[in-house]
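Presented below is the structure to which this report refers.
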Amino acid sequence: MSSSALVRLLKSLDPLSPEVSIGDVADRLLTAEHKAFLSLPVVGSDGRPLGLVSRSRLQDIFMQRFGRDLWGRRPVADVMNPEPLIVSLETGLEEAARQITGKLQYPITEDFVLVDRDGRYRGLGTVLDLLKAMEDRIAQRNRVLRKALVELKESQTQLVQSEKMASLGQMVAGVAHELNTPLGYVKNNVQLLRELTGPLFELAEAQSRLAEYLSAPDADEERLATALENAARARERASPESLADDLGQLFDDTLYGLGQIGELVVGLKDFARLDRAMSEEVDLNDCIRSTLVIARNGIKDKAEVVTQLGDLPRIACAPSQINQVLLNLLNNAAQAMEGFGRIQVRSWADRQALYVSVQDNGCGIPPEVQKRIFDPFFTTKPVGKGTGLGLSISFKIIQDHGGSIRVASEVGRGTRFLISLPLGQATTLQRSA
Ligand SMILES: Nc1ncnc2c1ncn2[C@@H]1O[C@H](COP(=O)(O)OP(=O)(O)OP(=O)(O)O)[C@@H](O)[C@H]1O
Ligand SMILES: [Mg+2]
């Protein structure tokens, strides 16, 4: 017994022998019992199907004048279709549908005959049932596909997240290194301040002792003279006039170092901030600035960065995602440098959109490579250096913001990435949320 889905469509129906008269067949087919069938099968004595008699053919005959008198007693073999649609029960549902729909004639006037492996009649199937079964199967497949799509989207989000974590990890290492420099000299300065201010305390001490003696009514001359001398010596050692300059300079340097540390910490915080509201109104120049702070460590030995930031209206976007895109572009630019190069970051706006361009004078991208750079996992970097996800994720982020990212490049001269983000598009963000 076949397990084919066709078995479920099978309707067992006693076949007619070819000698049965047309009148008898008409009486049989045109009854309520057989109303589900468009036709009746005619099967030979060997059990093989010979043809199908269709209801419409019988109706045509009986609607003619004297139809029944002329045809009623003739054998059914005279009016059957000797080439009906025959499908083996072994056939799969889809293959059966392909065979049948390929031969189907409209309007549909006949069922199809199902036969076993030996070609013997087993029953009838109706085209409508077959189409319905196909429809169910397609609906089920659609459900599976829809589920797969949802899963794919989830894993894509995870991928974006893990790429972000990886780049965060890299950056944290960079930023820690970057913090070390100002931290080092702030520490030195504070130590120096301590050494330099020591004599000042001694001077203050000597002077207060002197003041004590001067104001005491019974002060003896000799001790007063010693106190005076001590105070003068302490003053000489401390040299407050020249110290004032040194201290001023040291305080300035220390404050500058602390400022740098503060800037890095704020940059890191801004960069890594989770986007609570996707439609936060953001100044894109702030994104550029905080990303530059974060990227500085990776870039500083490869290139100088020149910025030219125009006035921008605030825009609804997910700032940490935009930062991620900018960081990718800056890292790519730095990595494209053969010697020490230059990266230009510009921003401007017109009525329709905001634009950010990141341009480098690095190695450039040949045209055949350019076609693939936005593909996931495409990289020309050595194993372990690049995952090839940077630009594909950037592309998706910008697309989710309703914007575009384009590249222009010339081998040996450099590359320019241009991002444009449309103004007044808060609604498009919902998609990526
Ligand atoms: N500014 C650029 N100059 C030259 N080639 C570039 C530049 N930006 C991207 N490319 C090319 O595009 C490829 C894909 O870049 P993408 O940022 O997607 O991945 P990656 O930098 O190789 O790896 P990852 O960003 O995951 O570390 C790079 O391997 C490089 O060949
Ligand atoms: Mg990259």
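What percent of all Cα-Cα pairs in the chain falls in each 20 Å bin, counting up from 0? The calculated distribution, bin by bin, is 18, 24, 16, 21, 11, 5, 4, 1, 0.
How big, on average over all directions, is the shadow cast by the Cα convex hull of the range 6-125, in nm²?
Values: hull surface 29.1 nm².
It is 7.3 nm².
Structural descriptor for the range 280-432: relative contact order 23 percent, calculated from alpha carbon pairs under 8 angstrom and at least 6 residues apart. Relative contact order of the chain: 10 percent, from C-alpha pairs under 8 Å at least 6 residues apart in sequence.
Based on Cα contacts under 8 Å between residues 6+ apart, the range 9-94 shows a relative contact order of 34 percent.
Could you tell me what a quarter of the Cα convex hull surface of the range 280-432 works out to, in nm² with one decimal place? Walk me through the numbers on the way to the answer.
Working: hull surface 34.7 nm².
That works out to 8.7 nm², a quarter of the Cα hull's surface.
The fraction of Cα-Cα pairs per 10 angstrom bin, counted from 0 for the range 314-377, comes to 17, 43, 33, 7 percent, rounded to whole percents.
If I require 30 Å or longer along the helix axis, counting alpha carbons, and a Kyte-Doolittle average no lower than -0.5, what helices from the chain are left? Use full DSSP H segments. Provide the component values of the computation, followed by the final result.
Numbers: long enough: 127-215 (124 Å, -0.14); 240-272 (47 Å, 0.21).
Long hydrophobic helices here: 127-215, 240-272.
Among all the lysines, which ones have a C-alpha under 16 Å from residue 300's C-alpha, if same-chain residues fewer than 8 places away are not counted? Reachable lysines: none.
Looking at the chain, identify the longest residue range that excludes and avoids all trypsin sites (Lys or Arg not before Pro) in DSSP loops having at most 15 other Cβ atoms within 10 Å. Here the longest segment lacking exposed loop sites spans 121-272.
Take the chain and mark each of the chymotrypsin sites (Phe, Trp or Tyr not before Pro) that is in a DSSP loop with at most 11 other Cβ atoms within 10 Å; the longest unmarked stretch, sites excluded, is 67-339. Over the range 162-272, the pair-distance histogram of Cα-Cα distances with 10 Å bins from zero comes to 13, 26, 19, 15, 12, 8, 5, 2, 0 percent, rounded to whole numbers. PRE reach from residue 244 (point 7 Å along Cα→Cβ): which of the range 184-205 fall under 13 Å by backbone N? Inside the label zone: nothing.
Note on residue 35: lysines with a C-alpha under 27 Å away, same-chain residues under 8 apart excluded, are 11, 103, 132. Only lysines eight or more places from residue 269 in sequence, or on another chain, were considered; those with a Cα closer than 18 Å are 164.
Nearest-5 percent of antiparallel DSSP beta bridges in the chain?
Values: 37 of 48 bridges.
Expressed as a percentage, antiparallel bridges in the chain total about 75.
No lab work stands behind these numbers, since they all come straight from the coordinates. As the structure is a prediction and not an experimental result, all values here were calculated from the model. All Cβ positions, glycine included, derive from the backbone under ideal geometry; neighbour counts span all protein chains shown.
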